[in-house]
Amino acid sequence: MPVKIRLQRHGKKGKPFFWIVAADSRAKRDGKFLDKIGTYNPNTNPATIDLNLDSAVQWLHNGAQPTDTARAILSYKGALLKHHLDGGVRKGALTQEQADAKLAAWLDEKANKVSSKKEGLSKAQEKAKAEALKAEKAANEKRANAAAEALKAAEATEEVAEEVTEEAVEATTEETTAVEEAPATEESSEEKEA
């Protein structure tokens, strides 16, 4: 029975979540499995991987063959390095303490890389948020200035309209007084003639 270390898909449509399992190669993708080794969530940035390192290495020692994606995940988490170092210990090339020290140093370096990536992503996200806020403030200020200018323009047109109506009222009152005075002067001149 050839054993494969592979991914088993879970999660909803568009949001995959994978179990890393050791399964018979003849079993269906999401079917029966022998052992659940860990989980893989590609929806986060960086991807979240939870792996039982000892169980994965034990399956590798027993001859399980990882698929391409599973091999990348095992390499990322250090399972393949531990398997390689254990082979060196079995052959007598190095002691178990040396192998453990090399693995610990590699895991620390990997953890530093991951944490620096997370910090870089958070800084980039904060920078993008600050730029968006700055752009929004500029747009709000521009909108407020436009509204103030429109209000000033409306007030100016009202003042002009008031002045025009006042002039029109003055002109009409002058005309009416002129019209009223003119017949009165004509009548008075007719009375003087008679």
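The values are calculated or read from the model by the stated rules, or taken from the named source; none is laboratory data. Everything quoted here is computed from the prediction, not taken from an experiment. Note that we place each Cβ from the backbone using ideal geometry, even for glycine, and neighbour counts take in every protein chain shown. Keep in mind that these areas ignore ligands, DNA and RNA; they rest on the heavy atoms of the full protein, side chains included. Shrake-Rupley method; radii C 1.70, N 1.55, O 1.52, S 1.80 Å.
For L121, state whether it is closer than 24 Å to A22 by Cα and either part of a helix (DSSP H, G or I) or open to solvent by less than 80 Å² (accessible area, probe 1.4 Å) (or both). Before the answer, list the steps.
Details: closer than 24 Å to A22 by Cα: no; either part of a helix (DSSP H, G or I) or open to solvent by less than 80 Å² (accessible area, probe 1.4 Å) (or both): yes.
Taking the combined requirement at face value, the residue does not satisfy it.
Could you say whether any residue in the range 89-96 is modelled with pLDDT under 95, surrounded by 15 or more Cβ atoms within 10 Å (Cβ to Cβ) and hydrophobic (A, V, I, L, M, F, W, C)? The answer is yes; a qualifying residue exists.
Of all residues in the range 11-57, how many are among the acidic types (D, E) and either touching a residue at least 24 places away in the same chain (Cβ under 8 Å) or out of contact with any strand residue (DSSP E or B) (no Cβ under 6 Å at 6 or more places or on another chain) (or both)? Talk me through it step by step, then tell me what you get.
First, pick out the residues of the range 11-57 that are among the acidic types (D, E): 24, 30, 35, 50, 54.
Of the ones still in play, those that are also either touching a residue at least 24 places away in the same chain (Cβ under 8 Å) or out of contact with any strand residue (DSSP E or B) (no Cβ under 6 Å at 6 or more places or on another chain) (or both) are 24, 35, 54.
Residues that pass the stated criteria total 3.
As a summary of the residue check, G78 satisfies the conditions (1) at negative phi; (2) free of Cβ contacts under 8 Å to residues at least 60 places away in the same chain except for the one numbered (1).
Does D24 satisfy the condition of being farther than 26 Å from K110 by Cβ, acidic (D, E) and either open to solvent by 40 Å² or more (accessible area, probe 1.4 Å) or modelled with pLDDT under 95 (or both)?
Spelling it out, D24 is indeed farther than 26 Å from K110 by Cβ, acidic (D, E) and either open to solvent by 40 Å² or more (accessible area, probe 1.4 Å) or modelled with pLDDT under 95 (or both).
Residues in the range 63-79 that are open to solvent by 40 Å² or more (accessible area, probe 1.4 Å) and not in a loop (DSSP other than H, G, I, E, B) were compared, and the one that is farthest from K118 (Cα to Cα) is Q65. The strands (runs of 3 or more DSSP E) found entirely in the range 1-62 that carry 3 or more residues being closer than 24 Å to S115 by Cβ are 15-24, 35-41, 48-51.
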